[in-house]
Amino acid sequence: MGPPGSGKGTRAKIIGKMYDIPVITTGDMLREAFARGTEHGKVADAYMRKGELVPDEIVIAIVEERLRQPDIESGFILDGFPRSVRQAVALDRILKGQSKTIDTVLNVVAKPETIINRLSLRRSCPRCGAVYHLKDMPPKEDGVCDECGGPLIQREDDKEEIIRHRFDVYERRTFPILELYESSGKIKEISGDLEIDEIPKALEEILGKPDP
Ligand code: ADP
Ligand code: ZN
């Protein structure tokens, strides 16, 4: 959990590598669905451009299908899901059906300055989902993705007006989910202001050492 630009995605990717588990990023999956030209993808794109949440039915269907793949059996991390109370309820239902439970709800807390700086300097690779920061994590070559060689872009929804709207949406629709999880005692906080190389240690303190 965490507002746009809090560093949620960066932490999720690091967790995936450290603990060797799949990272399920709904934002990336929706962008991929659009790139492939699927019906869901086309509908999703119209919402994403405006900074609105994609309708619950679509996102839930995509996550439900993903959670049927066998690679999640020894654990997984969800990045960007659930984002509404209905999604949280659906996740509960899906996990119950598979006799799985959530271990930890990681809440990323960042200073507003950090967030604004991140989103305005963020560049993304539409081809492979890699994310860069022009100052803190620039690509080796200007405008080119280190991972796949594709061209880097500023996401349409990383422009100022849309960013402001995404914050409102976060506070209205996503923030209330934390209340749902509060009584479970599973919420752990991680700072969104850490330097990249400080993140693994912070994660180890919260989630425990990965198996060797
Ligand atoms: P950020 O976390 O920086 O906002 P994401 O890539 O996670 O970036 O999300 C971008 C957009 O994708 C959201 O503004 C929303 O339109 C859509 N999206 C991603 N995940 C969900 C979700 N679980 N439910 C609804 N919409 C979603
Ligand atoms: Zn790439």
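The values are calculated or read from the model by the stated rules, or taken from the named source; none is laboratory data. None of these values were measured; they are calculated from a predicted model. Virtual Cβ from ideal backbone geometry, glycine too; neighbours counted across all protein chains shown. With ligands, DNA and RNA removed, areas are computed over all heavy atoms of the protein, side chains included. Shrake-Rupley method; radii C 1.70, N 1.55, O 1.52, S 1.80 Å.
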- [ ] Among the numbered conditions (1) under 17 Å from the mean Cα position of the chain (by Cα); (2) away from ligand 1 (no atom under 15 Å from the Cβ); (3) among the hydrophobic types (A, V, I, L, M, F, W, C), tell me where LEU134 comes up short.
- [x] (1)
Open item on the list: Just checking, does the range 44-53 include any residue being of a type in the set (Phe, Trp, Tyr), surrounded by fewer than 19 Cβ atoms within 10 Å (Cβ to Cβ) and closer than 20 Å to PHE175 by Cα?
Closed with: yes
Open item on the list: List pairs: first residue in the range 60-79 and part of a strand (DSSP E or B), second residue charged (D, E, K, R) and crowded, with 19+ Cβ neighbours inside 10 Å anywhere in the structure, Cβ distance under 8 angstrom, at least six positions apart or on different chains.
Closed with: ASP79/LYS8
Open item on the list: Every residue in the range 164-179 that is hydrophobic (A, V, I, L, M, F, W, C) and either open to solvent by less than 70 Å² (accessible area, probe 1.4 Å) or in a strand (DSSP E or B) (or both), please.
Closed with: PHE167, VAL169, ILE177, LEU178
Task: Residue count, the range 140-158 (criterion: away from ligand 1 (no atom under 16 Å from the Cβ) and either open to solvent by 70 Å² or more (accessible area, probe 1.4 Å) or in a loop (DSSP other than H, G, I, E, B) (or both)) - done: 11
- [ ] With respect to ARG11, determine if the residue is surrounded by 14 or more Cβ atoms within 10 Å (Cβ to Cβ), within 16 Å of ligand 2 (Cβ to nearest atom) and of a type in the set (Lys, Arg).
- [x] no
Task: Any chance SER124 is under 26 Å from GLU198 (Cα atoms) and under 17 Å from the mean Cα position of the chain (by Cα) - done: yes
Open item on the list: Suppose the filter is loosely packed, with under 13 Cβ neighbours inside 10 Å, among the hydrophobic types (A, V, I, L, M, F, W, C) and in contact (Cβ under 8 Å) with a residue 40 or more places away in the chain; does ALA35 pass it?
Closed with: yes
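Could we say that ARG68 is within 23 Å of PRO3 (Cα to Cα), at pLDDT 95 or above and either among the aromatic types (Phe, Trp, Tyr) or away from ligand 2 (no atom under 16 Å from the Cβ) (or both) here?
no
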Task: Residue list for the range 180-204, restricted to those being assigned to a helix (DSSP H, G or I) and either exposed (fewer than 11 other Cβ atoms within 10 Å of the Cβ) or among the aromatic types (Phe, Trp, Tyr) (or both) - done: TYR181, ASP197, LYS201
Open item on the list: What's the number of the only condition in (1) loosely packed, with under 11 Cβ neighbours inside 10 Å; (2) assigned to a loop (DSSP other than H, G, I, E, B) that GLU161 fails to meet?
Closed with: (2)
Open item on the list: I need the full set of residues from the range 106-131 which are in a helix (DSSP H, G or I) and either within 12 Å of ligand 1 (Cβ to nearest atom) or at positive phi (or both), in order please.
Closed with: ILE115, ARG118, LEU119
Task: Matching residues in the range 82-120 - criterion: being among the hydrophobic types (A, V, I, L, M, F, W, C), more than 15 Å from SER6 (Cβ to Cβ) and surrounded by 14 or more Cβ atoms within 10 Å (Cβ to Cβ) - done: VAL85, ALA88, VAL89, ALA90, LEU91, ILE94
- [ ] Please find, within the range 74-130, the residue that is farthest from ligand 2 (Cβ to nearest atom) out of those that are of a type in the set (Asp, Glu) and under 25 Å from PRO55 (Cβ atoms).
- [x] ASP92
